[in-house]
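Peer 1: Just dropping this structure here.
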Amino acid sequence: MAMKPDRLEFFRFMLNQEINKLLSEAEKTVSEMTNGKDNYPDPNDRASLEADRNFELRIRDRERKLIAKMREAIQRIDNGTYGICEACGGEISEKRLMARPVTTLCIDCKTKQEKLEKMMGE
């Protein structure tokens with residue numbers, strides 16, 4: 001059974017809101033890092049600042065990847081495949097989509113995938 005249009009629009013709105021929030025955070029980070037006010041003569045202070053910046057950039061990189069997944073989810077809404085498991089073709093529960101709106105696997109297929117990955121890793 002396909003997801004109702006109003007629910008699809010809800011997920012589209014939610015995904016777009018999250019994308020906009022993450023892009024805003026990224027702009028703030030760039031602005032803070034390029035303001036040029038951070039000039040610490042003490043090497044320890046500079047090292048601490050660099051560590052903080054590296055951490056911040058890693059977070060932004062993860063968010064950039066998440067934004068790409070969110071845009072892919074919106075494309076699936078547009079082409080009518082959102083909420084359909086890529087592996088089995090079954091329905092992904094709305095509860096699962098609420099928890100992870102970018103998911104492409106139902107909980108059963110994701111569980112199987114994780115078990116297989118664990119077996120391959122050991």
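Peer 1: With a ≥ b ≥ c taken as the square roots of the eigenvalues of the C-alpha gyration tensor of the stretch 1-87, please select rounded if a/c is under 1.5 and otherwise prolate if a/b is larger than b/c or oblate if it is not?
Peer 2: prolate
Peer 1: Using amide H atoms built 1.01 Å from N in the peptide plane, name the residues 5+ places from Ile84, or on other chains, whose amide H lies under 5 Å from its own.
Peer 2: Ile92
Peer 1: Sticking with this one: On a C-alpha basis, how far is the centre of the stretch 1-50 from the centre of the stretch 87-110 in Å? Whole number, if you could?
Peer 2: That distance is 26 Å.
Peer 1: When the chain is fully extended, how far beyond the present Cα-Cα distance does Ser31 get from Lys95, taking 0.36 nm per residue of separation?
Peer 2: Length gained between Ser31 and Lys95: 19.3 nm.
Peer 1: Further, regarding this structure: Given an 8 Å cut-off on Cα distances and at least 6 residues of separation, report the relative contact order of the chain as a percent.
Peer 2: Here the relative contact order equals 24 percent.
Peer 1: Where the only charges are on Cβ atoms (+1 Lys, Arg; -1 Asp, Glu), what is the dipole of the chain about its Cα centre, to the nearest 20 debye?
Peer 2: Working: 23 positive and 23 negative charges, 85 e Å.
Charge dipole, the chain, about its Cα centre: 400 debye, nearest 20.
Peer 1: For an R0 of 41 angstrom, estimate the FRET efficiency from the Cβ-Cβ distance between Leu23 and Ile107 and round to the nearest 0.05.
Peer 2: Taking R0 as 41 Å, the efficiency between Leu23 and Ile107 is 0.85.
Laboratory data are not the source of any read-out in this text; all were calculated from the coordinates shown. As the structure is a prediction and not an experimental result, all values here were calculated from the model. Using ideal geometry, Cβ is built from the backbone for each residue, glycine included, and neighbour counts are taken over all protein chains shown.
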